[in-house]
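The structure appears right after this line, and notes come after that.
Since every read-out is calculated from the coordinates, none of them should be taken as a lab result. For clarity, every value in this text was computed on a predicted model and none was experimentally measured. Virtual Cβ from ideal backbone geometry, glycine too; neighbours counted across all protein chains shown.
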Amino acid sequence: MFFPHRHKDHPMNNTTSTAITDRESFTERTGFVQVVTFAEKFSKILFLISLIILFASQSERFFSIRNCLNILTDVSIYGVLSIGMTFVILTAGIDLSIGAVLAFCAMCGAYLIKGTGPERYAVSHHASFMGYSWLISLGTCLVVGVLAGSVHGIAITRIKVPPFVVTLGGMTIWRGATLIVGGGQPISGFDPAYRWWGNGSILWIPTPVWLFFFVAVAGYILLSLTRFGRQVYAVGGNLEAARLAGLPVNKIIVAVYAIMGALAGLAGFMLSARLSSAEAVAGQGYELTVIAAVVIGGTSLFGGLGGVVGTVVGTMLIGVLLNGLVILNVNSYYQQVIIGFIIIIAVGFDTYAKSFRGGS
């Protein structure tokens with residue numbers, strides 16, 4: 001059969017060329033998407049491993065058992081708070097009051113078992129409550145934390161005040177309430193059973209580390225394996241769509257902030273047990289570290305993306321970074337600068353990745 005010669009500008013030739021170009025462009029774009037996805041999933045772990053190798057090569061003390069336990073103990077309180085912050089940020093919210101709530105809960109618990117009288121600084125038989133002062137304080141911290149978090153959630157859902165404003169105001173309110181309860185002074189001198197929760201150990205592992213571990217496991221199960229967890233992701237992914245789907249959006253948001261409050265109360269109990277003192281200045285500056293750990297761990301500030309596993313990695317990354325900088329005698333002022341840059345980079349990458357996924 002005779003096939004006439006096609007001119008180079010023939011429409012069929014142009015169509016074929018365009019198809020090849022589109023296919024090559026699609027292949028390149030798909031490959032780039034895979035790189036971005038891989039970086040989102042594993043960059044935190046790779047960065048953590050790199051930091052460990054770097055600091056271990058610079059100091060023999062870094063990899064000692066004692067220092068490793070110190071890192072785990074130091075990050076345990078931040079870690080507990082970070083798990084709660086993960087729930088909040090997944091709903092596209094924020095909580096700037098966690099340090100103040102932590103201090104208020106700890107002060108309320110200490111006030112209940114010690115008061116503000118002459119025995120506020122001394123361990124006494126009466127103040128020990130037969131060795132169960134820790135249980136009374138822990139229960140108080142959890143209840144007060146839940147109430148404080150619920151107030152935030154109700155203000156956000158009912159009064160329609162943005163989370164940033166609610167928790168920024170809450171930061172001042174709870175800090176002032178802490179000063180009122182404690183009379184502007186710390187309450188200290190807890191019994192050994194109380195202090196064990198901050199300084200004791202189980203199987204050579206510090207008690208705070210076990211508490212962080214159990215909170216992380218519970219948070220993972222709640223977010224990944226329950227209906228409530230799926231609802232949290234749905235609310236953060238698209239609030240209006242979740243509402244149209246019939247989800248109790250307001251109740252979910254209030255519950256999330258109540259969880260944050262409860263974990264702030266637990267962290268307050270842990271800190272007061274570790275220091276054997278409840279102080280009005282406790283928890284100051286924790287907001288930066290906690291938000292950094294969550295964001296670096298891959299939880300999106302836009303909501304609907306992230307998880308507890310990433311938060312644990314982010315928390316460990318912050319802990320390793322701070323510990324390594326201290327061992328290398330880096331000035332504490334520079335430490336804050338470094339963490340700030342890491343937050344900006346993490347959020348910038350998150351923003352880019354989100355826009356890229358939207359356009360792909």
Fill in the blank from the handout: If the chain between Ile136 and Val161 were fully extended at 0.36 nm per residue, the gain over the current Cα-Cα distance would be 5.6 nm
Practice task
Mind listing the long-range amide H neighbours of Leu305? Cut-off is under 5 Å, sequence gap 5 or more, other chains count too, H placed in the peptide plane at 1.01 Å from N.
Solution key: Ser300
Problem - Inter-site label distance for Leu203 and Ala56 at 7 Å from Cα along Cβ, in nm - result: 2.2
Problem - Inter-label distance, nm, simple model (7 Å from Cα along the C-beta direction), Leu69/Val326 - result: 1.6
Exercise for the section: Just add up the charged neighbours of Ala264: K/R +1, D/E -1, any other residue whose Cβ is under 12 Å from the Cβ of Ala264. Expected result: -2
Completion exercise
HN-Hα couplings for region 289-305 via Karplus (6.51, -1.76, 1.60; θ = phi - 60°), in whole Hz with x for Gly/Pro, come out as 5, 5, 4, 4, 4, 5, 5, 4, x, x, 6, 7, 5, 7, x, x, 9
Completion exercise
1/(1 + (r/R0)^6) with r = Cβ-Cβ of Leu244 and Leu179, R0 = 41 Å, i.e. FRET efficiency to nearest 0.05, evaluates to 0.35
Handout entry: Ordering of 169-180, 242-253 by packing [mean C-beta count within 10 Å, highest first]
Key = 169-180, 242-253
Handout entry: DSSP-loop chymotrypsin sites (Phe, Trp or Tyr not before Pro) across region 182-254, with at most 10 other Cβ within 10 angstrom
Key = Trp204
Handout entry: Pair Val337, Thr226: separation of 7 Å Cα→Cβ label points (nm)
Key = 4.4
